Amino acid sequence: SKPCLLIGGVGSKITHGNAGTDATTFDIFSVAATTRFGISGIEFDGRYPTRTASGALVRFNGASSNVAIVDNYIHDVHGTFAFSSSSDHSNVRIIRNRIVNSAFGGLSFEGRLSMAWIEDNVIDTTQDAGIFFGNPGAGNKQTDITVARNKIRNPQRQGGAGKAGIQTAGTGSASEEWHTRFKIFENDIISTTTGVISGTYLDHLAVLPGV
């Protein structure tokens, strides 16, 4: 697909509408496939909890590469950025964003992911993990990922078990190499909910060069 760049100026804001009713699920942007996609300098208001339906800000429904999501303010949302679990995603940069009050997680990555940098973001108050790396599918991997200098506050605000500031999915020997060549370092994670795993919860991680 052709390059798509959304660059905001002073006061740029996108609000999640209601499409007739606040209970209607829909995404703000749906991207079929892209080799260059960027969003910078925009405020996204998801209107949660007034808006009760789900819907991502940007959903990558096909393969994506050269993605940059930088310097945005994202708040009161049901979902942020959704990456298709059945597609390849590479060269992804999510940097210096502020994410506040998410009904789900802060940043979540499903599917096959390689060469990604998640750096210098502030993620404050999420229902699930602050940053989550999911199941890439049988025989697939998420690899060459850097997660650095993020500030994560109050992940998993409802206090249920098994969510953390930074988390990878997987149980059993079949998933032991789902996540390889990760670098996770200098992240600042604080939970305000008692009894919550507030740090880094890595179910399976094959190689961790730097922590």
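The values are calculated or read from the model by the stated rules, or taken from the named source; none is laboratory data. If you're wondering where the values come from, they're calculated on a predicted model, not measured in any experiment. Cβ sites come from the backbone with ideal geometry, for glycine too, and all protein chains shown count toward neighbours. SASA here: full protein model, heavy atoms, side chains in, ligands and nucleic acids out. Shrake-Rupley method; radii C 1.70, N 1.55, O 1.52, S 1.80 Å.
Of all residues in segment 32-48, those that are open to solvent by 20 Å² or more (accessible area, probe 1.4 Å) and within 24 Å of T126 (Cβ to Cβ) total 6. In segment 100-122, which residues are at pLDDT 95 or above and among the hydrophobic types (A, V, I, L, M, F, W, C)? Of everything in segment 100-122, those that are at pLDDT 95 or above and among the hydrophobic types (A, V, I, L, M, F, W, C) turn out to be M115, A116, W117, I118, V122. When H75 is tested against (1) within 21 Å of H16 (Cβ to Cβ); (2) in a strand (DSSP E or B); (3) open to solvent by 30 Å² or more (accessible area, probe 1.4 Å), only condition (3) is not met.
Please go through segment 128-151 and give me each residue that is surrounded by fewer than 18 Cβ atoms within 10 Å (Cβ to Cβ) and not in a strand (DSSP E or B), ordered by number. Can you show your working first?
Here is the first cut: in segment 128-151, the ones surrounded by fewer than 18 Cβ atoms within 10 Å (Cβ to Cβ) are 135, 137-141, 144, 148-149, 151.
If the condition is that a residue be surrounded by fewer than 18 Cβ atoms within 10 Å (Cβ to Cβ) and not in a strand (DSSP E or B), then N135, G137, A138, G139, N140, K141, R149 are the ones that fit.
When G38 is tested against (1) among the small types (G, A, S); (2) at pLDDT 80 or above; (3) in a loop (DSSP other than H, G, I, E, B), only condition (3) is not met.
Give the residue that is least open to solvent (accessible area, probe 1.4 Å), with candidates limited to residues of segment 84-127 that are among the acidic types (D, E) and closer than 16 Å to K183 by Cα. Walk me through how you get there before you give the answer.
Taking segment 84-127 first, the residues among the acidic types (D, E) are 88, 110, 119-120, 124.
Next, from what is left, pick out any that are closer than 16 Å to K183 by Cα: 119-120.
Values: E119: 32, D120: 57 Å².
Filtering segment 84-127 for residues that are among the acidic types (D, E) and closer than 16 Å to K183 by Cα, the one least open to solvent (accessible area, probe 1.4 Å) comes out as E119.
Criterion first (open to solvent by less than 30 Å² (accessible area, probe 1.4 Å) and under 26 Å from N61 (Cβ atoms)) does G165 satisfy it?
In short, no.
Of everything in segment 1-35 that is in contact with a Phe, Trp or Tyr (Cβ under 6 Å, 6 or more places away or on another chain) and of a type in the set (A, V, I, L, M), the residue that is modelled with the highest pLDDT is V31.
S64 meets the conditions (1) of a type outside the set (F, W, Y); (2) in contact with an Asp or Glu (Cβ under 7 Å, 6 or more places away or on another chain); (3) under 24 Å from N140 (Cα atoms); (4) without any contact (Cβ under 8 Å) to a residue 40 or more places away in the chain in every case but one. The failed one is (2). Restricting segment 165-202 to residues that are part of a loop (DSSP other than H, G, I, E, B) and hydrophobic (A, V, I, L, M, F, W, C), the residue that is modelled with the lowest pLDDT is V196.
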